[in-house]
Amino acid sequence: ERNVEAYNLLLKGNFFYVRSHPGDYGQAIEQYKHALDLDPNYSLAWAKLARVYIVQANTPELSVSDAESKARDALQRALSIDPNLAVAHRWLGRIYLNFRWDWAAAKSEFERAIALDPNGPDGGYAHSDLLITTALITGRFEEVIRHESQNLARNPLDTCELYTLGWILVYGGHLEEAAAIQHRLLELDPAYLGAHAG
C-alpha cells in the first residue's frame, strides 16, 4: 500500500515543479527525495525527480552533463521498479531528445509511453513530444503548432503549455506569434522560469 505521506510529498513536489518560480525546482527535488526516503520503491517519485533534473538543464541550476546523469539514474530506478511506467518512458525519450539528439531512440520511448497510457496525461504529453521530435527532424512545425494550440485552448492558463508553444513558434519561424505567447505567459506569471528568455 502506498505511503500516504510519500504521496502528499509527491503532490507538493508537483506543485513546485509546475509553478516554476526561481528556487522551485530545488523545492520539488527536496519533496520528491523526502517521498523516496519514506518509500524507496515509489517509481513515480523517481520519474518525477528525473523530470526536474531534465528541465533544470535549461537553467543555471544544473549543468547539462549533471542533469543527464542524475535524470538517467533516477529513471533507471523508476523503470527497474515498474518497467511499464509511461511517464518514465516519456522522460527517457526527453533525455534522448534534449541531450543526445537521438531522434530514433526518443521516438521509440515516446511511442512506448503513448502505448502504455493512450488516453491519459502521460500518453498525451508523449504524443506532443513525438510531434515536436518529428518537427525538429523534418523542419515542418505546422502540425505540432496546431496540436499545442489545441492543448492550450483546452486550458488557456497552463503556463507550461504557453512556454512550450512559445518556443515551438520560435523554431517554426513564427516570431510575432511567439512574442504574443511570451507576453501572455508573463502576464499570467511574471516569475515563471524561462518566461524572460524571449
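Assorted remarks:
- Proportion of all alpha-carbon pairs of region 42-145 beyond 15 Å (%): 60
- Counting only aspartates and glutamates at least 8 places from Lys12 when in the same chain, those with an alpha carbon closer than 17 Å to its own are Asp24, Glu30, Asp37, Asp39.
- Computed with the Debye formula from one identical point scatterer per Cα of region 121-198, without solvent, the log10 of I(q)/I(0) at q = 0.13 Å⁻¹ comes to -0.36.
- Qualifying trypsin sites (Lys or Arg not before Pro) for region 96-169 [loop in DSSP, other Cβ within 10 Å: at most 13]: Arg140
- Nearest-ten-degree value, helix 4-19 long axis tilted from longest Cα axis of the chain: 20
- A helix-only calculation puts the chain at -24000 deg cm²/dmol for mean residue ellipticity at 222 nm, using -39500 (n - 2.57) for each DSSP H run of at least four residues, averaged over all residues.
- Considered as an equivalent ellipsoid built on the Cα gyration tensor, the chain has semi-axes of 27, 20, 15 Å, the largest given first.
- Sparsely packed GluC sites (Glu not before Pro) within region 1-99, loop by DSSP, other Cβ within 10 Å at most 16: Glu1
Read the figures in this text as sums done on the coordinates, not as results from a lab. From a predicted model like this one, the values you see are computed outputs, not experimental measurements. Neighbour counts are summed over all protein chains in view; Cβ atoms, including those assigned to glycine, are modelled from backbone coordinates with ideal geometry.
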